[in-house]
Amino acid sequence: MTKAKKGKRFRYSLDSLLKVRGIREEQEKDKFKESERRVLEEKRKEEEIKVFEKEKYDQLKGMMAAGAALPDVQQIMMRKAHLEKVREQLATQEEAVKTAETKKEDQRKQMVLAMIEKKIIEKDKGKTRIAWKKMMNKEDGKFLDEIAVIGYENRSRKKKEEAGEL
C-alpha cells in the first residue's frame with residue numbers, strides 16, 4: 001500500500017499508473033472483441049463451405065439417381081475431384097476455427113490479467129484514501145486539541161491575573 005501524504009485534498013501518487021492500467025485494460029478488451037469477431041467470421045466461412053459441399057453432393061446424387069440419363073463418367077470424376085478439394089478446404093477452415101478459438105482464449109486470459117492489475121491499483125487507491133482520511137482526522141484532532149490547550153491556558157492566565165490583582 002502506498003503511503004498517504006498530508007494535504008487538503010487526497011492525491012494518489014500512482015494515479016498515472018492507474019490511468020495506464022485502465023488504458024491497457026481497454027486495449028485488451030478491444031483485442032478480445034476483435035478475436036471474438038474473428039472466430040465468428042471463421043465459423044461463418046466454415047458454415048458456407050459446409051453448405052456448398054452439401055449442395056454439390058446433392059447435385060452429384062441427383063446426377064447419379066436412378067431413372068435419370070447416365071451422365072458422362074468424366075464429368076462425375078471431375079465433380080468427385082472438386083468435392084475432395086472442397087473437403088480439404090473444409091478441413092483447413094476447421095483448423096482455422098480452432099486456431100482462432102485458442103487465440104481468443106489467450107486474449108481472454110490477457111484481458112483478465114489486465115483487469116486484475118487495474119483492480120489491484122484501484123484497491124490500493126481506496127486503502128490509501130482511507131489511510132489519508134484517518135491521518136487527516138488525527139491532524140484535525142491535534143489541531144483542535146491545540147486550540148483547546150491554548151484556550152485553557154488563556155483562561156487560566158486570566159484567572160491568575162485576576163487573582164493577582166485582587
Those residues of the range 49-72 which are of a type in the set (Lys, Arg), open to solvent by less than 90 Å² (accessible area, probe 1.4 Å) and either at pLDDT 90 or above or more than 44 Å from the chain's Cα centre (by Cα) (or both), in sequence order: 50
When the residues of the range 2-23 are filtered to those that are of a type in the set (Ser, Thr, Tyr) and either open to solvent by less than 70 Å² (accessible area, probe 1.4 Å) or in contact with a Pro (Cβ under 7 Å, 6 or more places away or on another chain) (or both), which remaining residue is farthest from residue 124 (Cα to Cα)? 12
Of the residues in the range 29-43, how many are of a type in the set (A, V, I, L, M, F, W, C) and open to solvent by less than 30 Å² (accessible area, probe 1.4 Å)? 2
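Look through 149, 86 and report the one residue that is touching a helix residue (DSSP H, G or I) at 6+ places or on another chain (Cβ under 6 Å) and over 30 Å from residue 31 (Cβ atoms).
Every option except 86 fails the conditions.
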Per the filter on the range 103-145, residues of a type in the set (S, T, N, Q) and either surrounded by 12 or more Cβ atoms within 10 Å (Cβ to Cβ) or at pLDDT 95 or above (or both) are 107, 110, 128
I'm trying to understand the selection: among the residues of the range 138-163, which are under 51 Å from the mean Cα position of the chain (by Cα) and hydrophobic (A, V, I, L, M, F, W, C)? 143, 144
Going through 46, 95, 26, 88 one at a time, which residue ends up being buried (at least 16 other Cβ atoms within 10 Å of the Cβ) and modelled with pLDDT of 90 or more? 46
Any hit, the range 38-47, residues being of a type in the set (Val, Ile, Thr), on the phi < 0 side of the Ramachandran plot, assigned to a helix (DSSP H, G or I) and under 27 Å from the mean Cα position of the chain (by Cα): yes
Can you tell which of 100, 81 is open to solvent by less than 100 Å² (accessible area, probe 1.4 Å), without any contact (Cβ under 8 Å) to a residue 12 or more places away in the chain and assigned to a helix (DSSP H, G or I)? 81
With (1) surrounded by 12 or more Cβ atoms within 10 Å (Cβ to Cβ); (2) farther than 30 Å from residue 11 by Cβ; (3) over 29 Å from the mean Cα position of the chain (by Cα) as the list, and residue 75 as the residue in question, which single condition is left unmet? (1)
Do any residues in the range 126-137 that are assigned to a helix (DSSP H, G or I) have Cβ atoms under 9 Å from those of residues that are of a type in the set (S, T, N, Q) and open to solvent by less than 40 Å² (accessible area, probe 1.4 Å), where the two are at least six apart or on different chains, and which pairs are they? 127/2; 128/2; 131/2
For the range 24-38, indicate whether the set of residues that are of a type outside the set (D, E, K, R) and more than 30 Å from residue 10 (Cβ to Cβ) is non-empty. yes
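The values are calculated or read from the model by the stated rules, or taken from the named source; none is laboratory data. None of the values given here were measured: they were computed from a predicted structure. Here Cβ is always computed from backbone atoms with ideal geometry, including for glycine, and neighbour counts include all displayed protein chains. In case anyone asks, the SASA skips ligands and DNA or RNA and just uses the protein heavy atoms, side chains included. Shrake-Rupley method; radii C 1.70, N 1.55, O 1.52, S 1.80 Å.
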